[in-house]
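The values are calculated or read from the model by the stated rules, or taken from the named source; none is laboratory data. Bear in mind the structure is a predicted one, so any value in this text is a computation, not a measurement. Note: ideal-geometry Cβ built from the backbone for every residue, glycine included; neighbour counts use all protein chains shown.
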Amino acid sequence: MSEYQTLTVLAAFAFLYSLVASRLERTPVSGALVYVAVGLLCGPAGLRLIDLQIESEGIRWLAELTLAVVLFTDSANADLNVLRRFEAIPVRLLLVGLPLAILLGFVVSTLLFPHLSLFEAALLATMLAPTDAALGKAIVTNESVPSSVRESLNVESGLNDGICVPVLLLFLALAGGEASGWGAIGLALKLSLQEIGIGVGIGLGLGVLGSAALRVCSRSGWTIGSWLDIPVVALSLLCFASAQWFGGSGFIASFVGGMTFGALTREHKAAVLEASESTGDAMAMLTWFAFGTMLFTPPFNRPGWRELAYALASLTFIRMLPVLLCVAGLRLKTDTRLFMGWFGPRGLASVVFAVMVVDKHLPGGDTLVTTTFWTILLSIIAHGLSANPLATLYSKRHREA
């Protein structure tokens, strides 16, 4: 199939959707759900206009770069004043809730998939532990939702995928027989310090330098008009790529870089972030479109009851129980704890992790990837349809309280 045919279909879809996007945003149907549905229609299971494979390097690049831009712009928009007042919530979600979710997911995966090795079961739990900043955008940008909840979920989704990267790499190495015994412990420490440390360092450094450079150049009249649309996107990709190049987590670098840039930038902040958000939305559109074209094609066309059962468990009690436990004692109302527990959509990070697993050709690789993809699909449907209605109901209850 010609690359130009693929590009033609992608470009046509992007153009047509952009014409009606504003109208669709006022409906309960999320953009991601539309992208996946149209991708399915155009893929091998539908009109056969596009045939993309998960092994494709282009799919990985698209998913990784999309996630980098989304993480940077979302964190740059974070309200740090609100975050300082409620920092205990995201700290608990990341340091207590995330490990509990991986542990609970591991237990469930060993029960449902006895043919998987223990390391493969741990790998599946890790692949589906991080929440998605792009799919959660309907919540974190909805001003009717209390700012403490929005900022906490934003920080959680921004950092948990980066934190999961060294854990995922460790389990990949163990599942592939590349490390064992004391070597595994040493590898775990090395990966954690390297991925997180380098990611944070590069994010902070480039965030400070990028903000300072934009401030000086804009005041001098060197960066004005349409040129303000470019720096944030370029800086987000610079954070991601440089951290990956030096062995760190590009996702952590993108999130930390965006938060640093947003905290230090005052002039033209709204203008530069608006343009970068549009770019991130366009990249997310193409990523989910590509995801849709791969559905109902091998190995995703034959999910058994075990894969579907794990997907449902992952989106419900594997996510919600750790959240309820980790925020206990914070004087949050029951509906707030349930609201935060439910809105843990799976998305771009899990797609990236699935591609990494495919590259390893593990014995249980098909089960891991199939389960991950169907969990993402169910998340897109369930969280996409429930985001606006539940946010409205939740905000109404709190206004009446």
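Brief remarks follow.
- When the stretch 242-258 is filtered for residues that are in contact (Cβ under 8 Å) with a residue 24 or more places away in the chain and surrounded by fewer than 20 Cβ atoms within 10 Å (Cβ to Cβ), the ones remaining, listed by number, are 242, 246, 247.
- From the list 71, 7, 94, 65, the one residue that fits, being in contact with an Asp or Glu (Cβ under 7 Å, 6 or more places away or on another chain) and within 30 Å of residue 239 (Cα to Cα), is 94.
Yes/no per residue for (1) of a type in the set (Lys, Arg); (2) within 13 Å of the chain's Cα centre (by Cα); (3) more than 24 Å from residue 333 (Cβ to Cβ):
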site	(1), (2), (3)
114	no, no, yes
118	no, no, yes
123	no, no, yes
127	no, yes, yes
132	no, yes, yes
142	no, no, no
148	no, no, no
153	no, yes, no
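- Considered as a group, the residues in the stretch 341-357 that are among the aliphatic types (A, V, I, L, M) and either under 16 Å from the mean Cα position of the chain (by Cα) or closer than 21 Å to residue 36 by Cα (or both) include one that is surrounded by the fewest Cβ atoms within 10 Å (Cβ to Cβ), and that residue is 356.
- Considering the stretch 192-238, the residues that are of a type outside the set (S, T, N, Q) and not in a helix (DSSP H, G or I) include one that is nearest to residue 63 (Cα to Cα), namely 230.
- Of everything in the stretch 78-90 that is closer than 24 Å to residue 236 by Cα and among the aliphatic types (A, V, I, L, M), the residue that is surrounded by the most Cβ atoms within 10 Å (Cβ to Cβ) is 78.
- Members of the stretch 316-344 that are touching a Leu at 6+ places or on another chain (Cβ under 6 Å) and modelled with pLDDT of 95 or more: 318, 322
- Top-ranked residue of the stretch 259-291 - restricted to ones that are acidic (Asp, Glu) and more than 30 Å from residue 43 (Cα to Cα), ranked as surrounded by the fewest Cβ atoms within 10 Å (Cβ to Cβ): 267
- Pick from the stretch 279-319, criterion touching a residue at least 60 places away in the same chain (Cβ under 8 Å) and among the β-branched types (Val, Ile, Thr), ranking: nearest to residue 121 (Cα to Cα): 318
- Here is the figure for the stretch 358-375: residues that are in contact with a Gly (Cβ under 6 Å, 6 or more places away or on another chain) and either crowded, with 20+ Cβ neighbours inside 10 Å or of a type in the set (Phe, Trp, Tyr) (or both) total 0.
- Checked against (1) β-branched (Val, Ile, Thr); (2) more than 17 Å from the chain's Cα centre (by Cα); (3) modelled with pLDDT of 85 or more, residue 223 passes all but a single condition, namely (3).
- Scanning the stretch 361-379 for residues that are at pLDDT below 90 and under 21 Å from residue 348 (Cβ atoms) returns a single hit, 365.
- Top-ranked residue of the stretch 24-57 - restricted to ones that are over 22 Å from residue 356 (Cβ atoms) and of a type in the set (Val, Ile, Thr), ranked as surrounded by the most Cβ atoms within 10 Å (Cβ to Cβ): 50
- Which listed residue, of 75, 152, is within 23 Å of residue 206 (Cβ to Cβ), of a type outside the set (Val, Ile, Thr) and crowded, with 16+ Cβ neighbours inside 10 Å: 75
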